[in-house]
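To keep things clear, I will list the structure first and then write my remarks on it.
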Amino acid sequence: QVQVVESGGGLVQAGGSLRLSCAVSGRTFAMGWFRQAPGKEREFVAARRWSSSTSSYADSVKGRFTIFGDDSHNTMYLQMNSLKPEDTAVYYCAASTRNYVFYYEPNKYDYWGQGTQVTVSS
């Protein structure tokens, strides 16, 4: 059984930074970050395969967010810079045990974290 545990959310002013962490137990192919704002559907933010140096990002976060992993600690991070009020949402980490080329869709993931709130004030 794979466990996914997120941490690092909080309140920050616009233009500030936050780093989210996602610790995962067990063997997985890739990790992703999604977010869900009130009244909106869950949306893809970023994803990365453990075995690759390439990452995928939503257009809305490109150039501001970076996903990177620490293989030795089975932890994937999401560094969020230049935060905007529209980034406010609950952020979820997800783990996939399946081998795909792309990981944009939630149904590509098998395990999800509990979510962590990120609030960006204007």
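The values are calculated or read from the model by the stated rules, or taken from the named source; none is laboratory data. The structure presented is a predicted model; accordingly, all values stated were derived computationally and were not measured. In this analysis, Cβ positions are derived from the backbone assuming ideal geometry, glycine residues included, and neighbour counts consider all displayed protein chains. SASA here: full protein model, heavy atoms, side chains in, ligands and nucleic acids out. Shrake-Rupley method; radii C 1.70, N 1.55, O 1.52, S 1.80 Å.
Any idea which residue in region 1-12 is nearest to Lys84 (Cα to Cα), counting only those that are open to solvent by 30 Å² or more (accessible area, probe 1.4 Å) and part of a strand (DSSP E or B)?
To start, the set of residues in region 1-12 that are open to solvent by 30 Å² or more (accessible area, probe 1.4 Å) comprises 1, 3, 5, 7-9, 11.
Subset that is part of a strand (DSSP E or B): 5, 7, 11.
Values: Val5: 25, Ser7: 20, Leu11: 12 Å.
Across region 1-12, the extreme among qualifying residues is Leu11.
Return the pairs, sorted by first residue and then second, in which the second residue is open to solvent by 30 Å² or more (accessible area, probe 1.4 Å) and not in a loop (DSSP other than H, G, I, E, B), the first residue lies in region 46-57 and is under 16 Å from Lys108 (Cα atoms) and hydrophobic (A, V, I, L, M, F, W, C), the beta carbons are less than 7 Å apart, and the residues are 6+ apart or on different chains.
Taking only residues 6 or more apart or on different chains, the pairs are Ala46/Ser55; Ala46/Tyr57; Ala47/Ser55; Trp50/Gly69; Trp50/Asp71.
Which condition from (1) surrounded by fewer than 17 Cβ atoms within 10 Å (Cβ to Cβ); (2) modelled with pLDDT of 95 or more is the one that His73 breaks?
(2)
Checking Leu83 against (1) farther than 17 Å from Thr119 by Cα; (2) in a loop (DSSP other than H, G, I, E, B); (3) touching a residue at least 60 places away in the same chain (Cβ under 8 Å); (4) of a type outside the set (Gly, Ala, Ser), which test does it fail?
Here Leu83 meets the rest and fails (1).
Could you grab me the full set of residues in region 13-51 that are in a loop (DSSP other than H, G, I, E, B), of a type in the set (Ser, Thr, Tyr) and under 24 Å from Ser121 (Cβ atoms)?
Once the filter is applied, which keeps residues that are in a loop (DSSP other than H, G, I, E, B), of a type in the set (Ser, Thr, Tyr) and under 24 Å from Ser121 (Cβ atoms), region 13-51 yields only Ser17.
When the residues of region 50-70 are narrowed to those that are under 15 Å from Ala95 (Cα atoms) and open to solvent by 60 Å² or more (accessible area, probe 1.4 Å), which ends up nearest to the chain's Cα centre (by Cα)?
This residue is Phe68.
Given the options Tyr109, Tyr104, Tyr100, name the one that is buried (at least 18 other Cβ atoms within 10 Å of the Cβ) and either in contact with a Lys or Arg (Cβ under 6 Å, 6 or more places away or on another chain) or more than 13 Å from Glu6 (Cβ to Cβ) (or both).
Criteria check complete, one pass: Tyr109.
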